[in-house]
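These notes are about the structure you will find just below.
Each value in this text was obtained by applying a stated rule to the coordinates, not by laboratory testing. Source: prediction; values computed, not measured. Don't worry about glycine lacking a Cβ; one is built from the backbone with ideal geometry, like all the others, and counts go over all protein chains shown.
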Amino acid sequence: LPTAFKKCSELKSIDLPDSVTKLGAECFAGTGLETIDLNKVSTLTPTGTFLNCTNLTSVKMSDLSGTLPRKTFQGCSSLKKISIPAGVTTIEDTTTFSGCTALEELIIEAGSSDLNIAMEQSGLSSLKKLVIDRNLTIAKNGFSGWSSDGLELTLGDNVAVVPANLTIGDSTTGHIVNKIVFGKNVKTVSSKAFSGRDAVTGNNTIKMIDMSALNEAPEGMDL
């Protein structure tokens, strides 16, 4: 049901039975949840399933599929790490993770389908580690606005194509890619895949690239 536990601020944990496979809009919005295992949940109904769950630090969602709707984790200011499971095929909106100001690590797990980044993922002001292990399609821009300490990007062995505008860096705001690690099967790096400029030199805002695992040099590489 939508809003089933909305604003139950004293709700710290919940055990979902395996029979629950779908959560309604704002089902847990504004609760005091600290951790949750979605067990057999495969569908989140738009929008805001965990909106403003400011105590939420851990989410397990291995069976989730389809779309991560807008505002799913908006305002989850204590969430430090999250994995996007294989069945998720779309991150719908820029608000999906907006306000996740403590999120340091985002992992996109291997899957049989590409992950569509439908809107720019910005405002992740603490993001330091981004792991991508499948191909992405990006409607406009990918990830921007990460930690001022810089970002480490790892492309797993299931990535063959690095799309344009995957990361958008800007030295004036400290958004620099500290390191990019390439998996062994990257075949193509699209033009401006790692776009962004240093305010003084005009060069790209990348400090280090590790291609030691590559089977062969990829096409492209206009960084």
Inset, instruction - Taking the Cα centre of the range 45-119 as origin, work out the dipole magnitude from +1 charges on Lys and Arg Cβ and -1 charges on Asp and Glu Cβ, in debye rounded to 20. - result: 240 debye
Inset, instruction - Relative to the compact-globule scaling 2.2 N^0.38 Å, provide the ratio for the alpha-carbon radius of gyration of the chain. - result: 1.04
Legend entry - the range 125-162 versus the range 9-77: alpha-carbon centroid distance in Å: 23 Å
Legend entry - Leading residue at positive end of dipole, the chain (Cβ point charges), from Val88, Leu151, Thr49: Thr49
Inset, instruction - Return the subset of Lys129/Lys207; Lys60/Lys140; Lys71/Lys179 for which the Cα-Cα distance in this structure is over 18 Å, preserving the input order. - result: Lys60/Lys140; Lys71/Lys179
Inset, instruction - Quote the charge dipole size of the chain about the Cα centre in Debye, to the nearest 20; the model charges only the Cβ of Lys and Arg (+1) and of Asp and Glu (-1). - result: 300 debye
Inset, instruction - Find the Cα radius of gyration of the range 25-150, compare it with 2.2 N^0.38 Å by division, and give the number to two decimals. - result: 0.95
Inset, instruction - Using only C-alpha atoms and all pairs of different ones, pull out the Kirkwood radius for the range 86-157 in Å with one decimal. - result: 12.4 Å
